[in-house]
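Worksheet: the structure to be examined is printed underneath.
The values are calculated or read from the model by the stated rules, or taken from the named source; none is laboratory data. The model shown is predicted, which means the values in this text are computed figures rather than measured ones. Positions of Cβ are generated from backbone atoms using ideal geometry, with glycine treated the same way; all protein chains shown enter the neighbour counts.
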Amino acid sequence: MSKIRVAVVGYGTIGSRLADGVAVQDDMELVGVADVAPNLSLRALQEIGAPFKVFFVDEEKKDKFAAAGVQLAGSLDDLLSQVDVALDATPGGVGARMKDLYSKHNVKAIFQGGEKDDIADVFFHGYANYENGIGKDFLKLTSCNTTGLVRAVDALDRVVGVEKVAITIIRRVADPGDTHRGLVDVLQVEKVPNHQCVDLMKIMPHVQATGLLVHTPVTHGHIINLLATPKEPIGVEEVISIFKQHPRIRVVKISDGFDSNAAFFQYARHLGAKRADMYEIGVWEECVGLSGNDVMFAIYIPQEAVVIPETIDGIRACVPMQTDRLEAVGLTNKYLRMQARA
Ligand code: NAD
């Protein structure tokens, strides 16, 4: 029997692994893989010598593959015209839209767990109901958990018979790199300059600013590291003193126990602040330093409460309630019980 020709449609988490799996079957030929975009898996595939042919799905996005250095062997139609079976590994719900195309090419298709059960003739598991899939045009695989679950229960069932099962699933929330599911065990970077620097220049046009932003899976505040170039040299002690005199900056010491972002949150709890809100930004005294004449320091931003004082200042300005800046912010500070600690 000649080799069965297989296509993988959707070269993501599952598709890239399906392709590897098919490629090592002696009685199958992986004709190629198709995707809508030159994702990281496809870029890596090129870098290791393009072992599989790549086909595009969308004519309009074809140029993106060339721009990413991913060589194309043709379109999805070209691929489907050369295969017997398509393994659909597109995101849940997309496979349903692809089904007509598979039918048009007279290609059998196997869908993954994210599709609805009615997409296929058979809800399939290789060990538990192989016979049901024989000769069928469309199969749908069980999800990852169900696949393992059925595998184990079937193993027992075939030997001793199983009357009932009750299960508890402790489910991983995302695959590595799944930033679309939220930040889970990942640090997500943004392009330079981050919008905060651009915004700073809108408020203070005389200061040049640029910067990098890395999203972290943390909820108790941001930390901004700054390197500021002063117009004239300034010492570390003077910098600390300037910050201490600012009513909306709280200067703390690592040696006192403020060794993290969460320490500020904890401290606000001990102060009895409502919701542990903190209006001030924080500065760690031991984190102020010099690089030549440039001043290096880090600020803690309690993101939930930090804009409250400046917003109240805004009320004072827009009415206007005060026309003098220091009078206005001073009143805001007074009513919010914020004061310099120098
Ligand atoms: P994924 O997002 O990692 O990969 C999907 C790929 O399909 C992406 O590269 C995307 O660009 C591509 N794609 C999107 N639309 C396309 C189209 N029209 N044509 C071709 N390619 C297209 O998704 P995944 O995690 O691999 O999930 C695929 C299927 O496998 C889903 O049904 C999912 O429920 C199921 N599944 C996932 C896991 C898992 O752990 N991730 C486990 C078992 C089953």
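Of note:
- The helices (runs of 4 or more DSSP H) found wholly in segment 175-279 include none carrying at least 2 residues that are under 30 Å from residue 145 (Cβ atoms) and within 16 Å of the ligand (Cβ to nearest atom).
- Exclusive hit being modelled with pLDDT of 95 or more, in contact with a Lys or Arg (Cβ under 8 Å, 6 or more places away or on another chain) and in a strand (DSSP E or B), set 31, 6, 70, 83: 31
- Annotation: residue 20 fulfils all but one of (1) closer than 18 Å to residue 144 by Cβ; (2) of a type outside the set (A, V, I, L, M, F, W, C); (3) more than 10 Å from the ligand (Cβ to nearest atom); (4) in contact (Cβ under 8 Å) with a residue 12 or more places away in the chain; the unmet one is (4).
- Qualifying residue in segment 164-173 (condition: surrounded by 18 or more Cβ atoms within 10 Å (Cβ to Cβ) and either modelled with pLDDT under 95 or within 22 Å of residue 6 (Cα to Cα) (or both)): no
- Selection of first residues in segment 93-116 that are under 19 Å from residue 143 (Cβ atoms) and of second residues that are more than 11 Å from the ligand (Cβ to nearest atom) and not aliphatic (A, V, I, L, M), restricted to Cβ pairs under 6 Å at least 6 apart or on distinct chains, gives the following pairs, ordered by first then second residue: 109/102; 109/138.
- Checking each residue in segment 289-304 for being surrounded by 18 or more Cβ atoms within 10 Å (Cβ to Cβ) and either more than 29 Å from residue 231 (Cβ to Cβ) or without any contact (Cβ under 8 Å) to a residue 60 or more places away in the chain (or both) picks out only 302.
Yes/no matrix, rows are residues, columns are (1) near the ligand (Cβ under 10 Å from one of its atoms); (2) under 19 Å from residue 90 (Cα atoms); (3) not aromatic (Phe, Trp, Tyr):
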residue	(1), (2), (3)
124	no, yes, no
130	no, no, no
134	no, no, yes
142	yes, yes, yes
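- Complete set of residues in segment 79-99 that are within 14 Å of the ligand (Cβ to nearest atom) and more than 17 Å from residue 22 (Cβ to Cβ): 91, 92, 93, 94, 95, 96, 97, 98, 99
- Hits in segment 23-40 - residues which are within 16 Å of the ligand (Cβ to nearest atom) and among the aliphatic types (A, V, I, L, M): 30, 31, 33, 34, 36, 37, 40
- Of the residues making up segment 54-81, those that are within 29 Å of residue 116 (Cα to Cα) and either surrounded by fewer than 19 Cβ atoms within 10 Å (Cβ to Cβ) or touching a Leu at 6+ places or on another chain (Cβ under 9 Å) (or both) number 14.
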